[in-house]
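Okay, so here's the structure we're looking at.
Here, each number is a calculation from the coordinates, and none is a lab measurement. None of the values given here were measured: they were computed from a predicted structure. Positions of Cβ are backbone-derived with ideal geometry, glycine not excepted, and every protein chain shown enters the neighbour counts.
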Amino acid sequence: MTGQGASAGSLQQRFEASFMPTYGVPPVVPVRGEGCHVWDADGARYLDLIAGIAVSSLGHAHPALVEAVTRQVGAIAHTSNLFVNEPEVLLAERLLGLLKAPARVFMANSGAEANECALKLAIRHGKTTGRTYFVAAENGFHGRTLGALSLTGKPSIRDQFGPFPLDIRFVPYGDPDALKQAVTEDCAAVFLEPTQGEAGVVPPPAGYFAAAREVCDATGALLVLDEIQSAIGRTGHWFAHQHDGIIPDVLTLAKGLGGGLPIGACVGFGDAGTIFAKGDHGSTFGGNPVSSAAALAVLDTIERDDLLDHVRTIGARLAAGIDTVGHPLLARVRGRGLWLAAVLTSDAAPAVQAAAQRAGFLVNAVQPDAIRIAPPLVITAEQADSFVEALPAILTEASG
Ligand SMILES: *Cc1c(COP(=O)(O)O)cnc(C)c1O
C-alpha cells in the first residue's frame, strides 16, 4: 500500500533534490486514502478538507471511481482524437444534459487547457467580428499556461512572464459599473470566475452576473465563465452560475469533474459552440477514455447519492459551525456549499494550516489571511463537526 515504503521525510528531501522548486517542499506525503481520510507515508491519518484543491469530489478510493477506471483501463486506455471513444461521447452528452441548453463540448486535460480553448474561441470570435481586446478580473486566476496566465489578474504570478501578446484589460471583481465601462463593442470576451477561488473564495455581490450577462448581450462580447473550481456540485448546484440564473456563452470545467483523474472541458453555448472549424484546435489526450469514465462515475454518483443536496446541508452546517467558534483570530466565514474560506484577523493562514495539520486536518492557506476549505463532497456531518470542534485549539496554537 505504501509503494517503496520510504518515509515522508526522505521523500520530501528527494522531491526537493529532483524537482524544479516551483512548489517549495509540500508538507504532507499522502500514500493512500479512503473516503475523506488520507494516510501519509509515516502512517499518520488526516481528515482531508481540501480534496487536492477541490478535485477529489468523491473522496479517496471511492468504489464507483475505482470500478469505472479499472474497467476502462482494461478495455481501452487511450484512443487519441483520431478516433471516437464511447466514454467521451457519453460524458459530453451528460454535461450537455446537466447544462440544459444547446451547446458543444471540447475535451481537454486540465483547467489551463480548458481556458486556452476558451481564449482561442474568443480570439476567433474577435477576428470575425472586428473585436480587439478582452476583459478579465483583478485577482482572478485562470491557470499557468501563457494564454490562461495572461488572463490571470495576479501581478505576482503574471508580470514576470509578460508582456503578453493580447490586449487584456482588468477590472475590479464584483463591480458592475467597472464592467459596463470596460466592455464595449470592441471587446471580444469577458472572463470571470463565479466566485474567485484562488483569491480566497470571494463571492461577488448579488446581481453581478446578471449585470455581466446584460453588458455582454448589449455589446456582443462573449461571457466566459471559468467554473474550473466552482462546478460539479462544489457549491450545491451542478454549476455555480445556476445560482445566478444566467447562461454564459462559454464555460470551462476541470478540477472536480474527474474526481482525481485529469480532465478539462470547454463548453460553447449556442453559436459559441460552432465558432471553431475543423482543424482549429485539438488535444492528443483530450477526452481520454479513462478520465472520461472517471468523470461519468463522478456525475453518476453525485446524482445517485443526492450529493448536491448533501453539499448544501453539510456546507451550511460547516459554515454555521465555523461562524460560531468566536475566536480572536477568526473574522468570518465566506463561500457557498462545500467551498468556504475562514477569514482571519491577521496574516496567520500558514500558521493555521500547519496547526491544523498537526491536529490531523488538511486545509489550505489560500491567502495570507484566508484558509480554504473544500472537502470531498461526501464528507459527513460528523467529520465536518470534528473540524469545528478542533478549530478553537488550532487557532489558539496558530496565534501563539
Ligand atoms: C485551478 C484553476 C485553474 C487552472 O487549472 P489547472 O488544472 O491547474 O491548469 C483555472 N481556473 C480556475 C478558476 C482554477 O481554480
Between the stretch 133-201 and the stretch 378-400, how far is it from one alpha carbon centroid to the other, in angstrom? 35
From phi via Karplus (6.51, -1.76, 1.60), per-residue ³J(HN,Hα) for the stretch 205-215 in Hz, x at Gly/Pro: x, 4, x, 4, 7, 5, 5, 5, 4, 5, 5
Positive-end extreme of charge dipole, the stretch 261-400 - chosen from GLY268, VAL366, GLY337 (charges on Cβ): VAL366
For the chain, with a Gaussian network of springs between Cα atoms less than 10 Å apart, report the residue from VAL25, VAL135, VAL202 with the top mean-square fluctuation. VAL25
Run the quick spin-label model on ALA210 and GLU93: label points 7 Å from Cα toward the beta carbon, then report their separation in nm to one decimal. 3.7
Per-residue ³J(HN,Hα) for the stretch 179-195, Karplus 6.51 cos²θ - 1.76 cosθ + 1.60, θ = phi - 60°, Hz, x for Gly and Pro: 5, 4, 5, 7, 9, 10, 6, 8, 8, 7, 6, 10, 10, 9, 8, x, 9
Percent RCO, i.e. relative contact order, over the chain, from Cα pairs under 8 Å lying at least 6 residues apart: 21
Starting from the amide H of GLN196, placed 1.01 Å from N in the peptide plane, find each other amide H under 5 Å away whose residue is 5 or more places distant or on another chain. VAL202
Measuring from its Cα centre, the stretch 64-304 shows a charge dipole (+1 at each Lys and Arg Cβ, -1 at each Asp and Glu Cβ) which, in debye to the nearest 20, is 340
The stretch 64-304 shape via C-alpha gyration tensor axes, a/c threshold 1.5: prolate
Per-residue ellipticity at 222 nm for the chain, helices alone: DSSP H runs ≥ 4 residues times -39500 (n - 2.57), over residue total, nearest 500 deg cm²/dmol? -11500 deg cm²/dmol
Excluding residues on the same chain fewer than 8 positions from LYS127, give the lysines whose Cα lies under 21 Å from its Cα. LYS278
Could you compute the FRET efficiency for ALA61 and GLU185, with r as their C-beta to C-beta distance and R0 at 56 Å, rounded to 0.05? 0.60
Could you work out how far the C-alpha centroid of the stretch 250-295 sits from that of the stretch 42-85, in angstrom? 17
So which cysteines of the chain have no other cysteine's Cβ under 4.7 Å from theirs? CYS36, CYS187, CYS216
With x for Gly and Pro, the residue-by-residue ³J(HN,Hα) of the stretch 81-92, computed from phi through the Karplus equation 6.51 cos²θ - 1.76 cosθ + 1.60 at θ = phi - 60° and given in whole Hz, is 7, 6, 9, 8, 10, 5, x, 5, 5, 4, 5, 4
So if each residue of separation counts as 0.36 nm, and I subtract the Cα-Cα distance between GLN13 and ASP167, what length gain in nm does that give? 51.2 nm
Report the calculated FRET efficiency for THR345 and THR132 (r = Cβ-Cβ distance, R0 = 41 Å), to the nearest 0.05. 0.40
With a ≥ b ≥ c the root eigenvalues of the C-alpha gyration tensor of the stretch 44-122, is it rounded (a/c under 1.5), prolate (a/b larger than b/c) or oblate? oblate
